[in-house]
1. Might you report the magnitude of the Cβ-based charge dipole of segment 43-191 about its Cα centre, with Lys and Arg at +1 and Asp and Glu at -1, to the nearest 20 debye?
2. Relative contact order for the chain using alpha-carbon pairs under 8 Å, separation at least 6, rounded to a whole percent?
3. Lysine pairs in the chain 8 or more apart or on different chains: how many have alpha carbons under 20 angstrom apart?
4. Rounded to two decimals, what ratio of Rg to Rh does segment 58-171 give with C-alpha atoms and a Kirkwood Rh?
5. Sum up the charges of everything whose Cβ sits under 11 Å from the Cβ of LEU140, counting Lys and Arg as +1 and Asp and Glu as -1, but leave LEU140 out.
6. Which length gain, in nm to one decimal place, applies between GLU60 and GLU127 when the Cα-Cα distance is subtracted from 0.36 nm times their residue separation?
7. Rank GLY20, LEU82, PHE61 by how far each Cα sits towards the positive end of the charge dipole of the chain (+1 on Lys, Arg Cβ; -1 on Asp, Glu Cβ) and give me just the farthest.
8. With a cut-off of at most 10 other beta carbons within 10 Å, and DSSP calling the residue loop, which trypsin sites (Lys or Arg not before Pro) in segment 85-172 qualify? Please list them.
Amino acid sequence: MLGKFFRKPETENGDRTPPGQYLTNGFPVLTYGPTPDVNQAEWQFRVWGLAQEKTFSWDEFMQMPQQDFTADFHCVTRWSKLDVQWTGVKVTDFMQQLQLESPPTWVMAHCYGGYTTNIPMEDFLREENFFAHTLFGEPLPPDHGGPMRLVIPHLYAWKSAKWINGLEFLGREEPGFWERNGYHHRGEPWAEERYSVH
Ligand SMILES: Nc1nc2c(c(=O)[nH]1)N[C@H]1C(S)=C(S)[C@@H](COP(=O)(O)O)O[C@H]1N2
Ligand SMILES: [Mo]
């Protein structure tokens, strides 16, 4: 009982910090390559593959239900940031706009600048995932993926594609950028799914 009162905040945060990760109060920027310059007016989001092809504009995205999210963020290079505050559209709400053909097993996120990352469908369809356009109440800065990024809180952050501009629904596993370069195909931080052993 008493232990509950005297437990240090560090310990409580420790319960939320996956093995091998260190907490940071800042928000480091982690990008491979240059930051693409994309404004809202030109931003487009296309879906294809095992979904009826469709392109969404910024305004169409803004007409979908908007929600606030608080989520922990874990980079495979060992920093974690707790309680990041975002605003955007839930993946499951977005998915209601799509017509899937034969059931996809994987989805590839595509980005301005050419970055890609793959996600198993069952991880992608979790209720806590979202597309974010706002960070701590401000428009998402370009370095952090503005105007729009994906956030998949329960997987390492390389799955949280910045400058996202499309989803390709797949019937088999295909690696994205970091998955081709040695990162784990799934990337669950509590299991330390960091790198693939081939
Ligand atoms: N398009 C794109 N998305 C990306 C990346 C990238 O290089 N390009 N880096 C990933 C990695 S490894 C991490 S840790 C997070 C970092 O997000 P941040 O820069 O907002 O902290 O974005 C992910 N999404
Ligand atoms: Mo990362």
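1. 340 debye
2. Once divided by the residue count of the chain, the mean separation gives 23 percent.
3. Number of lysine pairs found: 6.
4. On the Cα set of segment 58-171, Rg over Rh gives 0.94.
5. 0
6. Stretched fully, the GLU60-GLU127 segment lengthens by 22.0 nm.
7. Ranked along the dipole, the leading option is GLY20.
8. Details: sites: LYS90, ARG126, ARG149, LYS159, LYS162, ARG172; in loops: ARG126, LYS162, ARG172.
Those that pass, being in a loop and sparsely packed, are ARG172.
Where a number appears in this text, it was derived from the coordinates with a stated rule and is not lab data. None of these values were measured; they are calculated from a predicted model. Virtual Cβ from ideal backbone geometry, glycine too; neighbours counted across all protein chains shown.
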